[in-house]
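The values are calculated or read from the model by the stated rules, or taken from the named source; none is laboratory data. Because the structure is a prediction, the values reported are computed rather than measured. With ideal geometry, Cβ positions are generated from the backbone for all residues, glycine too; neighbour counts draw on all protein chains shown. Ligands, DNA and RNA are stripped out before the accessible areas are found, and what is left, the full protein with its side chains, is counted by its heavy atoms. Shrake-Rupley method; radii C 1.70, N 1.55, O 1.52, S 1.80 Å.
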Amino acid sequence: MSRNAVNIHKPFWMLLCAVALFCCTTWLPCVGAEQTQWKAGVASVVITPEEPMWMAGYAARKGPSEGKIHDLWAKALAMEDEQGTRFVLVTVELIGIPRPTRDWMEKQVEARFKLPPERLLLNASHTHCGPVVRETRYSIYGNTLYGLSPEQIEQSNRYVDDLQKKLLLLIGQALEDLAPARLGYAHARAGFAMNRRARTEGNYSISPNPDGPVDHEVPVFCIDSPEGKLRAVVFGYACHCTTMSFNQFCGDYAGFAQEYIEQAHPGATALFVAGCGGDQNPYPRRELEYCRQHGRALANGVETALSLRARPVRGPIKAVLETVTLDFAEPPGRRQLEEQAKSKDKYDRRHAEVLLEELERTGEIRKTYPYLVQVVRFGDDLTLVAMAGEVVVDYALRLKAEIADSAVWVAGYSNDVFGYVPSLRILQEGGYEGGGAMRYTDLPGPFAPSVEERIMSKLHEMVDKTRAPASK
Ligand SMILES: [Zn+2]
């Protein structure tokens, strides 16, 4: 082509470039074309209790729920790779997943849908404005954390029974909805989570600590139809869902974020996955307006990630679910517990009574905890690590630094939410997440110093198992 020809066609090329740029920034679907032949299916169900119920998260509440700000949801996303390997993610807007619920779901899902346990992930948003869901565990002692009456315990157990049935139907619906899809991963940031471990007079209290570690990443998994229409968005954030502490059912910032994303993308389902926010709080808090603002900030993070060209996620899906045995520190002796049972603090007293009853019933206090960890890897593109309990941010930061060969997404509050999972640093510092919060459970006390290394070495072993042979 001669120089003259270039000049003649210059306006045409400029127009073409402008059109291409316009398309790239506004009309392109979230996922590029070249990738695995995926299928995906989504389903949602309202899980707001139909009657007033005692609420979870704050033992100091004086009465049951009084209405709702908006509904609480359970949502399921099913995925199937080219080989027909399926994986189902279920998110619930509740304080946690009780272990008996996880165990029941595993069995049912395997029997009905032939989905093995390692390919089922349950994650709770940890909203503190949902119903109590784990009094079953305490009711055997007749000594409940929230001081519930037998009728209230019965009501909570009934709710959990119904919930389990709803979740099972939900998973069935998501699997029935499986249709060709394109999967992509992108990430952005949101800044309202702040470290909540402030050092005061030689101890740690729950108060904003602007200098403490945080994880402001907003990981986003987008699911498009083959035509490029957004069908579902999974997004995460590492922060307690505790803007509010009132007596109305509410999904807190994560509930608002999902609402805003679904409003902006009619027909798409937004699913929130709680990250390692054990030691992170949303600040400022305790005003509904702040709750909406945090929801908006998180939704903005998701929109930013969606506006980037998401990296295609390829298969195959490889999943591993394992148990790490975590040791507790030496439990208190009978005499010490008998002393503690006289305490004026009702939670210290209750904790001592619960442990003394365990000693009476079984002859000893449990020394270990069977800790559930799950790794789901999507080809070489994304490693999703799902950890049980209220995991502190140190784990997410370490895993992201140590797994270098794919994008890394770390979820906490998965499969069994039983109490805090401190890092060695936090265990040694002490305070609420270090061991203080154990008095609100039926577990004996802080974990042993081996906690972090046990979990981390198990996770690395598991990630290795999910790597394709060529990438090892
Ligand atoms: Zn918590």
Scattering profile of the chain from the Debye formula, Cα beads only, expressed as log10 I(q)/I(0) at q = 0.12, 0.14 Å⁻¹, is -1.04, -1.42
Please give the direction-averaged projected area of the C-alpha convex hull for the range 321-450, in square nanometres with one decimal.
-> 8.5
Local electrostatic count, L271, Cβ distance below 13 Å [Lys/Arg +1, Asp/Glu -1] = -1
Positive-pole candidate from T269, A198, P180, dipole of the range 170-310, charges at beta carbon | A198
What distance in nm separates the simple spin-label points at A111 and K62, each placed 7 Å from Cα in the Cβ direction?
-> 4.6
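Tell me, what % of the accessible area of the range 344-468 is carbon and sulfur with a 1.4 angstrom probe?
52
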For the chain, longest principal axis from Cα atoms; helix 3-22 axis from its Cα atoms; angle between them, nearest 10 degrees, is 30
Descending packing, highest mean Cβ count within 10 Å first, for 347-356, 239-248, 49-58 is 239-248, 347-356, 49-58
Surrounding net charge for S225, when Lys and Arg each add one and Asp and Glu each subtract one, Cβ distance under 10 Å = +1
Antiparallel content of DSSP bridges confined to the chain, in %, to 5 = 75
Trypsin sites (Lys or Arg not before Pro) within the range 225-315: which are DSSP loop residues with at most 13 other Cβ atoms inside 10 Å?
-> K229, R286
Of the residues G96, P131, N209, the Cα lying farthest along the dipole of the range 78-220 towards its positive end, which is defined by charges on the beta carbon of Lys, Arg, Asp and Glu, belongs to N209
Rounded to whole angstrom, the alpha-carbon centroid of the range 183-208 lies from that of the range 224-243 at a distance of 21
Where in the range 166-251 are there GluC sites (Glu not before Pro) that are in a DSSP coil and have at most 15 other Cβ atoms within 10 angstrom of their Cβ?
-> E201, E227
Out of A319, A299, N281 - ranked by how far each Cα lies towards the positive end of the dipole of the range 240-361, with unit charges on the beta-carbon of charged residues - the top one is A299
So what is the 222 nm mean residue ellipticity for the chain from helices alone, if each DSSP H run of at least 4 adds -39500 (n - 2.57) and you divide by all residues, rounding to the nearest 500 deg cm²/dmol?
-> -10500 deg cm²/dmol
Under 1.5 on a/c is rounded, so check that first for the range 237-340, then, if it is not, pick prolate when a/b is larger than b/c and oblate when it is not; a ≥ b ≥ c are the square roots of the alpha carbon gyration tensor eigenvalues.
-> oblate
For E201, put the label point 7 Å out on the Cα→Cβ axis and report which residues of the range 331-356 keep their amide N under 16 Å from it.
-> none
Could you tell me how many degrees, from 0 to 90 and to the nearest 10, lie between the Cα long axis of helix 150-176 and the main elongation axis, the longest principal axis, of the Cα atoms of the chain?
-> 20
Rh_Kirkwood(the range 159-255) over Cα pairs, Å, one decimal, evaluates to 17.2
Given unit charges at Cβ for Lys, Arg (+) and Asp, Glu (-), the dipole magnitude of the range 317-419 about its Cα centre in debye, nearest 20, is 260
At R0 = 45 Å, FRET efficiency that the Cβ-Cβ distance of R296 and Q83 yields, to 0.05 | 0.65
Solvent exposure of the chain as accessible area per residue, Å², 1.4 Å probe = 42
Mind putting together the pair-distance distribution for the range 395-472? All Cα pairs, 5 Å bins, whole percent per bin, short to long.
-> 3, 13, 20, 23, 17, 11, 7, 4, 2, 0
Accessible carbon and sulfur surface of the range 34-159 relative to its total accessible area, %, 1.4 Å = 50
Cβ crowding within 10 Å averaged over residues, with 74-81, 399-406, 182-189 ranked highest first | 74-81, 182-189, 399-406
Calculate what fraction, in whole %, of the accessible area of the range 239-297 sits on carbon and sulfur atoms when a 1.4 Å probe is rolled over the protein chains.
-> 47
Phi to ³J(HN,Hα) by Karplus 6.51 cos²θ - 1.76 cosθ + 1.60 over the range 249-262, Hz, x for Gly, Pro = 5, 6, x, 6, 4, 5, x, 5, 4, 4, 4, 5, 5, 5
Express in % the proportion of alpha carbon pairs of the range 59-163 at distances exceeding 17 Å.
-> 60
Would you calculate the separation in nanometres between label points at R335 and H460, each defined as 7 Å from the Cα along the Cα-to-beta-carbon direction?
-> 4.3
Nearest 10 degrees, 0 to 90: what angle lies between the long axis of helix 393-402 and the longest principal axis of the chain (Cα atoms)?
-> 40
Using the structure shown, select from K318/K400; K166/K458; K318/K458; K107/K400; K400/K465; K166/K465 the pairs with a Cα to Cα distance greater than 23 angstrom.
-> K166/K458; K107/K400; K166/K465
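Which pairs in the list K62/K367; K75/K367; K39/K114 are over 25 Å apart, alpha-carbon to alpha-carbon?
K62/K367; K75/K367
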Rounding to the nearest 20 debye, state how big the charge dipole of the chain is about its Cα centre with +1 on each Lys and Arg Cβ and -1 on each Asp and Glu Cβ.
-> 820
Within 10 Å, count the other beta carbons around each residue, average over each peptide in 111-120, 252-261, and list them highest first.
-> 252-261, 111-120
